[in-house]
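Q: Below are the structure tokens for one structure; questions will follow.
The values are calculated or read from the model by the stated rules, or taken from the named source; none is laboratory data. Keep in mind that this is a model prediction, so the values were computed, not measured. We place every Cβ from the backbone using ideal geometry, glycine too, and count neighbours over all the protein chains shown.
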Ligand code: HEC
């Protein structure tokens, strides 16, 4: 029994693989940029930290989403005085009368040109009392519905990506145990990563570390599979070919010919 290797592939097949991997890699890079700009602002400090992840999935229970945003991402859009006014209003019960009297004009002047229903980015609408009240609740993080939606998209997406990439990667030559490991790791990482979003939401912060381990595992296996495939596809061909052409058919069934 012998398996296909990169040196059995035609140039068009290798071009197809290479371009596919290149586009996937670009997509992955953009995903990383997106992750960095959206999640890393959670705790109001630069960089992606464990706190950012905890805040994203289980919320910052010490304040409302509005206060949270005003002390972090939206800090630049308000003055210290306006911030105090708003927190005082929230702490005194966030009444509609108080909103009309003190808060509405600040929002209209400083926030509504981004935070209106017309905004295509689907930002929280801050143009009326009812809408503002939606962000004046204790922040419980990502909702159950959002997490279900994001989980199913990620599961389908990552499974398809790692299946296709894995199909290419199994054409490499390497010790069989190493290869089997590299094939399995991304799927384990997906399970750890997405499973721990849920645990981070419903239980301890420790699972935020698992989110990171899963994410890093996925990234590393992605990089490793892409790089090894690409390298062997274009640069190692001759060496292996010579090796197997000169060896007998019995040797061809050695360790490296296993899948
Ligand atoms: C220049 C446009 C702009 C202005 C002005 C602006 N925001 Fe935002 N706001 C955004 C964007 C973009 C996001 C989503 C990105 C993010 O969460 O970092 C956001 C997110 C938010 C959120 C949601 C955070 C979360 O929990 O997801 C709140 C609450 C908020 N802004 C409040 C305000 C308030 C209050 C003001 C006025 C003092 C304001 N924003 C002014 C653009 C703006």
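Residues checked against (1) exposed (fewer than 13 other Cβ atoms within 10 Å of the Cβ); (2) assigned to a helix (DSSP H, G or I):
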site	(1), (2)
119	no, no
125	no, no
147	no, yes
150	no, yes
160	yes, yes
167	yes, yes
174	no, no
179	no, yes
199	no, yes
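Q: Give me the residue from the stretch 73-94 that is within 11 Å of the ligand (Cβ to nearest atom) and surrounded by fewer than 16 Cβ atoms within 10 Å (Cβ to Cβ) and, out of that set, farthest from residue 105 (Cα to Cα).
A: Restricting to residues being within 11 Å of the ligand (Cβ to nearest atom) and surrounded by fewer than 16 Cβ atoms within 10 Å (Cβ to Cβ), the top hit is 73.
Q: Being modelled with pLDDT under 90 and touching a helix residue (DSSP H, G or I) at 6+ places or on another chain (Cβ under 9 Å) is the filter here, so list the residues in the stretch 145-164 that pass it.
A: Those that are modelled with pLDDT under 90 and touching a helix residue (DSSP H, G or I) at 6+ places or on another chain (Cβ under 9 Å): 147, 150, 151, 154, 155, 158.
Q: Another question, if that's okay. Do we have any residue at all in the stretch 107-115 that's part of a loop (DSSP other than H, G, I, E, B), near the ligand (Cβ under 9 Å from one of its atoms) and at pLDDT below 85?
A: Here is the first cut: in the stretch 107-115, the residues part of a loop (DSSP other than H, G, I, E, B) are 111-115.
Restricting the remaining residues to those that are near the ligand (Cβ under 9 Å from one of its atoms) gives 111-115.
Still in the running and at pLDDT below 85: none.
Checked the stretch 107-115: no residue is part of a loop (DSSP other than H, G, I, E, B), near the ligand (Cβ under 9 Å from one of its atoms) and at pLDDT below 85.
Q: Looking only at helices (runs of 4 or more DSSP H) that lie completely in the stretch 1-78, which have at least 1 residues being farther than 24 Å from residue 157 by Cα and either modelled with pLDDT under 70 or not assigned by TED's automatic domain parsing to the domain that holds residue 223 (or both)? Walk me through it before giving the result.
A: Numbers: elements: 11-39, 50-58, 65-71.
Because the criterion is at least 1 residues that are farther than 24 Å from residue 157 by Cα and either modelled with pLDDT under 70 or not assigned by TED's automatic domain parsing to the domain that holds residue 223 (or both), the helices (runs of 4 or more DSSP H) in the stretch 1-78 that meet it are 50-58, 65-71.
Q: Suppose we keep only residues that are over 13 Å from the mean Cα position of the chain (by Cα) and buried (at least 18 other Cβ atoms within 10 Å of the Cβ) within the stretch 211-223. Which one would you say is nearest to residue 26 (Cα to Cα)?
A: Initially, the stretch 211-223 is screened for residues over 13 Å from the mean Cα position of the chain (by Cα), giving 220-223.
Narrowing the set further to residues that are buried (at least 18 other Cβ atoms within 10 Å of the Cβ) leaves 221-222.
Numbers: 221: 15, 222: 12 Å.
Filtering the stretch 211-223 for residues that are over 13 Å from the mean Cα position of the chain (by Cα) and buried (at least 18 other Cβ atoms within 10 Å of the Cβ), the one nearest to residue 26 (Cα to Cα) comes out as 222.
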